[in-house]
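Here the structure comes first, spelled out in structure tokens, and everything after it is commentary.
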Amino acid sequence: LVLCRRRILGQRFPTDDFTNVTPAIISKTPLQLHITPSHPLSTLRELIESAYKDFTHVSTSSPLVSPYKNFDELSFPLDHPGRATTDSYYVNRDMMLRTHTSAHEVEMFRKGETRWLLTADVYRRDEIDASHYPIFHQVEGARIFDTNASGMTEVLEDNERLSSLLASANIIIEDIPHISDTNPVQHNHDPVFSELVAKNLKLSLNNLLLKVFGAAAGITKQNPLRVRWIEAYFPFTSPSFEVEVFFQGKWLEILGSGVVRQATLDTAGVENKIGWAFGLGLERIAMVLFSIPDIRLFWSTDSRFLSQFQQGKINVFQPYSKYPSSYRDVSFWIPQDSKMHENDFCDVVRDTAGDLAEDVKRIDHFCHPKTRRTSLCYRINYRSMDRSLSNAEINHVQDQVLSRLKDKFGVEIR
Ligand code: PHE
């Protein structure tokens, strides 16, 4: 019997049929970009924290959580697609890399925190391109109120305060009802209270977005910030909302949010409270605020990247020369009973090429009419962020990709 183990953040874990974390991912778990001084992600975190001065601020370290904490505590059904090994990174059946900062909601509420922000690295298996990376950073925020007259007064007064801040601001908000048939109040909530809480959430986030995007300048009376609220669904909130911001000609998805499911507070042992939570991704916002064109740059250790930033300062990134890119195609037959997923392919590429892989696209999919065998063709685009790659080096990486594909998935290269 061979005991396979993975070493992550100094701890050793047995592997099993769920194990899919790769060395490339594991090697990034200690980096903590969101608290690295002068890093754009750290500046953005602080900017967000400065909009919630009277909240507790936490930056957690270890991304290792149980699937129970990541999913079950938050009312995810057993068949939710997010649980699949194709979507999430598992160390083994009992341990995974958190897919969102909501995994810490119950823990924070259990500690008695009533208003808090928590920033952390989160992990999702994904495609490879300029705006997707399997690791990114989120800020979770939450606030809960007492479900009595004084709690009600607290929300009302806060709503008044936040509304008056917005009244004179250069912002256009496309709103939707706080509660509707398709975005319902929870059965154990007072609809009036839930509505006030949802309103508090929206007002608070509208003010946050004004602060964050206002910091990038360019927002004036003639050119106001445009924010739109969209109905959403999350297993752990109801009603639920997403927010998009119109910036540089595009609607950007910024965050998910909603009124916290009572089951979450019950699990945390919190009684007689009602409140909201949101989860916001840092990378996409930082990319537009700092004009960072490729998400891999956040992971760069090149001084031409890092030296351009100072903690607390939002400035436009000056790209140093873009090195040439070069692509290689790979075509292969997959074994008849193969369950190989597109994300499996991407992880082989990432694990072999690291951040040299800029983009992976499937360019052909073919099912042989007689043999019923499936053939796939992928195009891998290679580019370094900080140097020129030689053909020999790319060929070498590509050869390694091919041989790993053969070893891991038994594919037959065409
Ligand atoms: N965790 C959700 C996500 O990652 C966002 C979210 C947080 C939604 C809190 C509702 C409340 O997509």
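Where a number appears in this text, it was derived from the coordinates with a stated rule and is not lab data. Remember, predicted model here, so these are calculated numbers, not experimental data. Cβ sites come from the backbone with ideal geometry, for glycine too, and all protein chains shown count toward neighbours.
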Quiz item: Can you give me the pair-distance distribution of the stretch 149-188, C-alpha pairs, 10 Å bins, whole percents?
Solution: 22, 34, 38, 6
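Scan the stretch 196-240 for chymotrypsin sites (Phe, Trp or Tyr not before Pro) in coil per DSSP, keeping those whose Cβ has at most 16 other Cβ atoms within 10 Å, and list them by number. Could the numbers behind the result be given before it?
Numbers: sites: Phe213, Trp229, Tyr233, Phe236; in loops: Tyr233, Phe236.
Listed in order of number, the matching sites are Tyr233.
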Self-check item: Separation between Cα centres of the stretch 189-251 and the stretch 20-98, rounded to whole Å
Solution: 23 Å
Exercise. May I ask for the Kirkwood hydrodynamic radius of the stretch 326-413, worked out over all distinct Cα pairs and given in angstroms to one decimal?
Key: 13.5 Å
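Please compute the length gained on full extension between Gln310 and Ile363, using 0.36 nm multiplied by the number of residues separating them and subtracting their Cα-Cα distance. Each step should come with its number before you reach the end.
Values: separation 53, 0.36 × 53 = 19.08 nm, distance 4.12 nm.
So the chain would gain 15.0 nm between Gln310 and Ile363.
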Quiz item: Rg/Rh for the stretch 80-237: what does it come to with C-alpha atoms and Rh from Kirkwood?
Solution: 1.00
Quiz item: Say each of Glu271 and Lys408 gets a label point 7 Å from the Cα, pointing the same way as Cα to Cβ; how far apart are those two points in nm?
Solution: 5.1 nm
Quiz item: Using the alpha-carbon atoms, what tilt in degrees (0 to 90, nearest 10) does helix 191-214 show relative to the longest principal axis of the chain?
Solution: 60 degrees
Quiz item: For the stretch 305-369, treating each Cα as an identical point scatterer without solvent, what Debye log10 I(q)/I(0) comes out at q = 0.12, 0.20 1/Å?
Solution: -0.55, -0.97
Quiz item: With each label point set 7 Å from Cα along the Cα-Cβ vector, what nm distance links Asp386 and Tyr320?
Solution: 0.7 nm
Practice problem: Using only C-alpha atoms and all pairs of different ones, pull out the Kirkwood radius for the chain in Å with one decimal. | Solution: 23.3 Å
Quiz item: Considering the zone a paramagnetic label at His341 would reach in this model (a point 7 Å from Cα along the Cα-to-Cβ line), which residues of the stretch 15-39 have amide N under 11 Å from it?
Solution: 20
Quiz item: For the residues Met152, Met96, what sequence is obtained by ranking on other C-beta atoms within 10 Å, fewest first?
Solution: Met152, Met96
Quiz item: When the convex hull of the C-alpha atoms of the stretch 225-377 is computed, what volume per residue in Å³ does it have?
Solution: 237 Å³
Quiz item: If you find the alpha carbon centre of the stretch 147-182 and of the stretch 287-311, how far apart are they in angstrom?
Solution: 36 Å
Quiz item: Mean residue ellipticity at 222 nm from the helices of the chain, using -39,500 (n - 2.57) per DSSP H segment of n ≥ 4 over the full residue count, to the nearest 500 deg cm²/dmol?
Solution: -8500 deg cm²/dmol
Practice problem: Report, in debye and to the nearest 20, how large the dipole of the stretch 1-141 comes out about its Cα centre when Lys and Arg carry +1 and Asp and Glu carry -1 on their Cβ. | Solution: 500 debye
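From Cα pairs below 8 angstrom and at least 6 apart in sequence, can you work out the relative contact order of the chain, rounded to a whole percent?
On the way: 740 pairs, mean separation 68.5, N = 414.
Value for the chain: 17 percent.
Determine, for Val192, Val227, the number of other Cβ atoms within 10 Å of each Cβ, and report the residues in order from fewest to most. It would help to have the intermediate numbers written out before the result.
Numbers: Val192 11, Val227 22.
Going from sparsest to densest Cβ surroundings: Val192, Val227.
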Practice problem: Please check which bits of the stretch 155-193 a label hung off Ala149 would reach, taking the label as a point 7 Å along Cα-to-C-beta and the cut-off as backbone N under 17 Å. | Solution: 155-157, 193
Exercise. Neighbouring Cβ atoms within 10 Å as the yardstick, rank Lys221, Lys339, Lys406 fewest first.
Key: Lys221, Lys339, Lys406
